[in-house]
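First comes the structure, then the notes that go with it.
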Amino acid sequence: MSLRPDLAIIAANVAPGSRVLDVGCGDGGLMAALRDERQCDARGLELDAGDVAAAVARGLSVIQGDADTDLADYPDTSFDYAILSQTLQTTRRPDWVLDQLLRIGSQAFVSFPNFAHWRVRASLLWGGRMPVTRLLPLKWYATPNIHHVTVDDFRALVKERGFVVEGCWFLSGDKLTGAVMANLWAEHAVFLLRKDR
């Protein structure tokens, strides 16, 4: 099974043999790839009971929980990497969740859809309505997205918190695009962060 492009980037950049916590792990696709291809000790936290059952059926260690409340229960630096993929914009307090990721993990991968992508802007400008796109497929009243984050918003939050960007990747469609004007051209962003030493 092939991974979504953002998950493939994350999988390719996790050091083999690492301890990993995948927050909002879905059905465990990334965890399975990390276990099978990178020999990682991968654990997961997922809100949806059906996804938890699917991940456990794959032989993965996943518990049902909520990133907005349950990350506080994990000890400091208990993982090499904490991963939050396409989940940040669904949390009630993204700033708190980001702080928790970098408390729990030595490094954190965060990926999210960019709400400042030109197609989103055009939809609002010309149609006057919240966009429905490939990465944002649900109408405004059905979406779990409650915080509309952009690449520049995320960079500002990272700077405000004093975190260091170890790597960043930007996707347009399923292909990598440059960092220049990523806030306009990228549909999706992936960041690798660590605390300032």
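Numbers for the structure displayed
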quantity: Shape box of segment 1-98 [Cα atoms, principal axes, largest first, Å]; calculated: 32, 28, 24
quantity: Net lengthening on full extension, Lys195/Glu37 (0.36 nm per residue, minus Cα-Cα); calculated: 54.2 nm
quantity: Residues Thr77 and Val132, FRET efficiency given R0 of 45 Å [Cβ-Cβ distance, rounded to 0.05]; calculated: 0.65
quantity: Which of Tyr81, Tyr74, Tyr141 has the fewest Cβ neighbours within 10 Å, and the rest in rising order; calculated: Tyr141, Tyr74, Tyr81
quantity: Whole-number percent relative contact order across the chain, with pairs defined as alpha carbons under 8 Å at least 6 apart; calculated: 19
quantity: Most mobile listed residue (Ala42, Ala53, Ala122) in the chain, GNM with C-alpha springs under 10 Å; calculated: Ala122
quantity: Order of Val56, Val151 - criterion: other Cβ atoms within 10 Å of each residue's Cβ, fewest first; calculated: Val56, Val151
quantity: Where labels lie 7 Å past Cα in the beta-carbon direction, separation of Leu176 and Ser2 in nm; calculated: 1.7
quantity: Highest to lowest packing among 125-135, 161-171, 184-194, scored as the average C-beta count within 10 Å; calculated: 184-194, 161-171, 125-135
quantity: Considering only the chain, percent of DSSP beta bridges that pair antiparallel, nearest 5; calculated: 50
quantity: Pairwise FRET efficiency - Ala53 versus Asp95, Cβ, R0 = 41 Å, nearest 0.05; calculated: 0.85
quantity: Antiparallel %, DSSP beta bridges [both residues in segment 45-135], to 5; calculated: 0
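Coordinate-derived values only; no laboratory data. Please read these numbers as outputs of a predicted model, since none were measured by experiment. Virtual Cβ from ideal backbone geometry, glycine too; neighbours counted across all protein chains shown.
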